Structures are given as C-alpha cells and as structure tokens.
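Data block below; observations after.
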Amino acid sequence: MRRKNLLVSFLSLSLSLSLIGCTSEETKSDTDKKDKDEKESAIDPFDHSKKYEISGMTFRFGDPPPAKSPGLDMINEKFNVDFKPEIIPQGDYAEKSSAIVASGSMPDLVGFQANDTRFYQWAKEGAFLPLDDYLKHYPTLSKIPEHVYDAFKVNGKIYGIPRYSNEYPLVPIIRKDWLDNLGLEVPTSYEELEDVAVAFTKNDPDKNGKNDTYGLAIGENINPNFNMGAYWDFGAWYHKNEDGDFIPGMISEGRKDLIEFFANLYKEGAMTKDFAVLNWADTNNEFYSGKAGIFVGGVSGMSEDYMSGLLSIHPEAKFVALPPFKAPDGSQGFTMGSGNSGILALNAKLADDEGEIYRALEIVDAGKTFYPREERNPQNQDFDWMWGKEGTGYNMEGDQPVRVPNFSSDGLAPSTYFLDNREHVPSDAKIRYADDYKLAEMKDLVNSLQDMFESNEMFINPVNGVISQTDQEKGTDLMQFLMNEQAKMIAGQRPVSDWDKLVDEYLQRGGAAIIKETNQGIKDKGYEDLQWK
C-alpha cells in the first residue's frame, strides 16, 4: 500500500513536469530552429563564471563517503559549484529514492541500477531532460556508441547516460591440460563438446588414477547456461515466431537444443548432478577445486584467489576460451552485453537554465573519464586530481598508482563523489584486460578471451532498453517457471518432447502479451532485423 501511495504522489508531481521537453524538432519553424542555434552558440558550455548548486543521488555498494571532505571540496573548487551528492547504500536505494522523488524534491541528477523500470516510466512521464543536444560537447559522453545510447531512448530521445560495463559476456572456458592429456581438440560444436564432457567424466583427464572428475560445472537456474552463441542464448531475442515477431531465447529452438544437450550429459553423469540446488559459490567450487573441466570466464571480474586455489591442487592447469559455435542458421557469435551497469538521468527542471545543464554534464563527463594505464601518474594533472593527489589519495608503487586505505572512508579523492565514477572505456582504446591480473595463468586465459571476442562478430540484443508492462508484472515468475520446467527436462523428470507444450503454457500465462509488447518496443526503437557488430 505504501508503494502505491508513493507512486500516486509521484504521478501528481510528474504532471507538473509533463510539458517540459515535449516539443518536437520536426514541428518547430525555421525561425525557432535558427533562434535555438544562435542560443546554443552564445553559451559557452565550459563557462564557470556563475556558481551553481548541483544535487544528485545514486546507489553505492558499500558504505557512503562523508558529507564533507577534501575530495568534495576539490570538485566544488574545480567546477565552481556547491555539489551535494546523496550516496545511498544499494540495498536501501529503491525505496529511499522513490520516497525522495514522491516528496517532490527530485535532485538534479538521478541514478538507477541497470534495468530499473522506474527510469523508463519516469522518462515517459516527462520527469527527465532529453540529452541529445548536449552530449556532443563532452569528450567522453560524445564517444559512447549509439547502440549503447539506444537502450536509454524514450520516444526517440536520449534520457539516460550509461554507467560503463564492458560488452563482453561470460562465456565457456575449458581445461586445456585435460584436453591435451586425452589427446582431444578444442570442441567446435555441441556434439564435440558433449564428447569432451563425457571423456572428462570417464577417462581420468587429470591422470591421477581416480574416478573423481566430470565435464560441466553448473548450478541452480541452469547457470551458467553454456550458450555458444546468440542462437542458443536464453537472454537474447534472436529467434522469430511464425508471425515474424522476435521471441525470447528461453522458448526458442536454440534453447530446446541446449536443454537436450544438458539432458544427455545428465544421463552420462557428465555435469553437476545436484545442479538444481547448487548456489553460485558452490558451483564455482566445483570448477576451481579441480572436479569439473568446463566452466565460464570473462575478461573482467575474475577471481585470482579462486584461480590460485585451483593451481595449488593442479599446478599444471591451463585454460582456453571456447570460440562461438556455428549455428544451424549459419550465424556465429556471442551476444554483446548491454554496455551498462547503471543509468544517470537529469531532472527536467534543469531546462530552465542551460548553463546549469552544461555544468552538471561537465561533472558527469569528468567522473567517467578514462585514463590509459600509462597516463595514471602524478604527471597527468587530471588523473592526479581525480585520485586526490599523490601522497594524499594515492601513492605510486613502481609505475602504478595505489590508493591509500582510507581514500573512500575519509573522502580524500574527487573520484569517490561522482555519481557515476566508472571510467567509460572508449571503443578505440587499446587496452588489454589481462594487464589487470597478476597470475600468469589468469593473464593467458583473459588474453585468449579478449582475442576470441575481438576476432568474432557480436549480436546486438534488440530488447536492450525495451520495457513490457506485462513483463514487469509477470516476467520474473514466468522465467522461474520456465527454469524449473527445463531443469525437470534435464533431470529426466519431464520429457524434452514436451517442449511445444511448455511453450504454450508460457504463452497462456502471459508470455504472449510480453512478446507483443516487447516487439512494439523493438519497432519503436527502429530495430527491424538482426544486427551484429
């Protein structure tokens, strides 16, 4: 009941904002456009002569920094602002941010977690500022790819700035030393992968004379899903139905093929037997304790502690990425990640003062600035400022900067206070993700992953940024229903021959409405056919 009241309060607020930013460029007269161009040219986006108070709120994993600190003072001095960021612990953010907005005190900058449907709802209601005319002025914001911004468009306008996440997904990896021990090649199809998984189970790949290994490490909710390309990806809307509409991968022929693959492995004991009740940490343990030979990896976020544990058991362990398989339709490539892990929007009320818009976006752009590894040193004044100055916020150890332990808790660096402080890595940046790791084996694996991604096309998921009302209401339960029934098929408790019947159950429970609404959203974005990058 409380959430309903909050929404009602917000809707009342949003009505007063609904007329802001509604005029289409196409309806303006030539005189209007000329006046607008002259106005833009008359304003220097980087003029700091006027001081502004800029407020904002966002979520943060971990404790928020202090409200007063040297890092915050440095931001205020550099940009001539009184910056008031409210950083809220992630677990409390949805409730607290909704309450703040419903009270009528929405700040200038508002953060959202990825896929937070409130962003799209509130953008449609006129609460946020369209950003298309402003992004071009900023070195970082102007270089974010269009296909990433597409996910934050409402009625053709950009209303959100993405928090960076690299676009490379988690993909299957395999124990190369086990392949070598058994004289096997890296598999290039599910048939070959099945043979390898069975061999890892029955042919003593670690050569210890014991029957203590198996193929795939997998846990609850059929995770990892081991898709070897967009064709088999349950999260990709890659396939179409007989009406020509995109459908969720979870009910596609590709997913059916994958469930049959798992069912075959389950019969052979070549995948985790108690997968349906195994959490993610325990699933990782199946691989990193040396039991299973096939798992998943990514170019970032990998645990060197896990890897060190495995190497202490199997010092000879080597790993390699599995390139995408060629699909029945001839396609070959994994699904590209959305490129964001959060969203930042600007309050529509800022339209009253373009100078304040420019200042707010300048702050946002600064927080997202990418510094190449070779430029992270005190000689780079911008980097030195961002990290709170050498000797205060960080120290150089060799040729690399290392933050002091209290840099965040004492608010010593400006980087702590930006609502989006995740560097946005440009698409043309020559970075090697392996440089972030120390273990040679981890470096080799990450290099093989990056090389594999860079040598293959990637599928752009058309549903990025598309919201279905029915999916919001029923999607979570429907997805869990499909996961549970497909898990039964893997374990032999329901025949895979029931696939069409399962799809019909999904459609009748709300899936048909989700497909209809999602396809309308895809069409509204202008996405018509499969797109690869």
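The values are calculated or read from the model by the stated rules, or taken from the named source; none is laboratory data. These figures come from a predicted structure and were not determined experimentally. Don't worry about glycine lacking a Cβ; one is built from the backbone with ideal geometry, like all the others, and counts go over all protein chains shown. With ligands, DNA and RNA removed, areas are computed over all heavy atoms of the protein, side chains included. Shrake-Rupley method; radii C 1.70, N 1.55, O 1.52, S 1.80 Å.
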| Ordered by residue, what ³J(HN,Hα) values in Hz, to whole numbers, does segment 189-197 give under the Karplus form 6.51 cos²θ - 1.76 cosθ + 1.60, where θ = phi - 60° and Gly and Pro are x? | 7, 5, 4, 5, 5, 4, 4, 5, 4
| Which label in (i) 67, 51, 50; (ii) 76, 60, 45; (iii) 73, 57, 45 gives the computed Cα extents along the principal axes in Å | (ii)
| said: Among 440-452, 159-171, how do they line up by average Cβ neighbours within 10 Å per residue, starting with the highest? | reply: 159-171, 440-452
| task | Might you tell me the accessible area per residue for segment 159-293, computed with a 1.4 Å probe and given in Å²? | result | 38
| Which angle between 0 and 90 degrees, to the nearest 10, do you get for helix 440-454 versus the longest principal axis of the chain when only C-alpha atoms count? | 70
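Quick one: grab the alpha carbon gyration tensor of segment 445-533, order the square roots of its eigenvalues as a ≥ b ≥ c, and give me rounded if a/c is under 1.5, else prolate or oblate depending on whether a/b is larger than b/c. Walk me through the numbers on the way to the answer.
Numbers: a/c = 2.47, a/b = 1.23, b/c = 2.01.
Oblate, since a/c reaches 1.5 and b/c is not below a/b.
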| Which lysines, on any chain, are close to LYS438 with Cα under 25 Å apart, when same-chain ones fewer than 8 places away are left out? | LYS176, LYS291, LYS318, LYS430
| note | Output row, site ALA429, 7 Å Cα→C-beta label point, backbone N cut-off 17 Å, window segment 405-423, residues 415-416, 418-423
| field | FRET E, pair ALA281, ASP524, Förster distance 56 Å, beta-carbon r, rounded to 0.05 | value | 0.90
| task | With label points built 7 Å along Cα→Cβ from the Cα atoms of SER300 and ALA99, find their separation and express it in nm. | result | 3.3
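Under the classification rounded if a/c is under 1.5, otherwise prolate if a/b is larger than b/c and oblate if not, where does segment 346-409 fall, given a ≥ b ≥ c as square roots of the Cα gyration tensor eigenvalues? Write out the running numbers ahead of the final one.
Numbers: a/c = 3.67, a/b = 2.41, b/c = 1.52.
It comes out prolate by the Cα gyration axes.
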| task | Under 28 Å Cα to Cα from LYS96, which lysines show up? Leave out anything in the same chain fewer than 8 places away. | result | LYS4, LYS68, LYS84, LYS124, LYS153, LYS157, LYS349, LYS368, LYS474
| said: Of ASN461, TYR437, PRO426, which is farthest towards the positive pole of segment 350-475's charge dipole, taken about the Cα centre with +1 and -1 on the beta-carbons of Lys, Arg and Asp, Glu respectively? | reply: TYR437
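If R0 is 35 Å, what FRET efficiency do you get for ASN223 and ASN377 from their C-beta distance, rounded to 0.05?
Working: r = 41 Å, r/R0 = 1.17.
After rounding, the FRET efficiency stands at 0.30.
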| field | Crossing angle, helix 2-15 versus the chain [Cα axis fit, 0-90 degrees, rounded to tens] | value | 50
| How far is it, in nm, from the label point at ASP504 to the one at GLN531 when both lie 7 Å from their Cα along the line to the Cβ? | 3.7
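Of the heavy-atom accessible surface of the chain (probe 1.4 angstrom), what whole percent is carbon and sulfur?
Numbers: 11540 of 24910 Å².
Result for the chain: 46 percent of the exposed heavy-atom area is carbon or sulfur.
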| query | When the dipole is taken about the Cα centre of segment 161-276, and only Lys, Arg (+1) and Asp, Glu (-1) are charged at their Cβ, what size is it in debye, to the nearest 20? | reply | 380
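Would you mind working out the magnitude of the charge dipole of the chain relative to its Cα centre, with +1 at each Lys and Arg C-beta and -1 at each Asp and Glu C-beta, to the nearest 20 Debye? Let's see the in-between values first.
On the way: 56 positive and 88 negative charges, 217 e Å.
It comes to approximately 1040 debye.
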| request: Starting at the first residue of segment 216-225, write each ³J(HN,Hα) from the Karplus equation 6.51 cos²θ - 1.76 cosθ + 1.60 with θ = phi - 60°, in whole Hz, x for Gly and Pro. | output: 9, 8, 8, x, 4, 6, 6, 10, x, 8
| Overall Cα dimensions of segment 40-154, principal axis frame, Å, largest first | 41, 37, 27
| request: When a/c is below 1.5 the answer is rounded, else prolate if a/b is larger than b/c, else oblate, so apply that to segment 77-137 with a ≥ b ≥ c taken from the square roots of the Cα gyration tensor eigenvalues. | output: oblate
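Reported to two decimal places, what Rg/Rh ratio describes segment 110-250 when computed on Cα atoms with Rh from the Kirkwood expression?
Values: Rg = 22.5 Å, Rh = 19.5 Å.
Ratio of gyration radius to Kirkwood radius: 1.15.
Per DSSP helix of 4 or more residues, -39500 (n - 2.57); summed, then divided by the residues of the chain. What does that give at 222 nm, rounded to the nearest 500?
Values: 17 runs with 195 residues, N = 533.
Per the formula, -11000 deg cm²/dmol.
So how strong a dipole does segment 357-506 carry about its Cα centre when Lys and Arg Cβ are +1 and Asp and Glu Cβ are -1, to the nearest 20 debye? Could the numbers behind the result be given before it?
Values: 15 positive and 28 negative charges, 60 e Å.
Dipole about the Cα centre, nearest 20: 280 debye.
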| message | Could you work out the pair-distance distribution P(r) of segment 376-526 from its alpha-carbon pairs, with 5 angstrom bin width and percents rounded to whole numbers? | response | 2, 7, 9, 10, 10, 9, 11, 12, 10, 9, 6, 4, 2, 0
| remark: Scalar couplings 3J(HN,Hα) for segment 171-185 by Karplus 6.51 cos²θ - 1.76 cosθ + 1.60 (θ = phi - 60°), nearest whole Hz, x for Gly and Pro, are 9, x, 10, 9, 6, 5, 5, 5, 4, 5, 4, 9, x, 9, 8
| Cα-based helix-to-principal-axis angle, 469-490 vs the chain, degrees rounded to 10 | 10
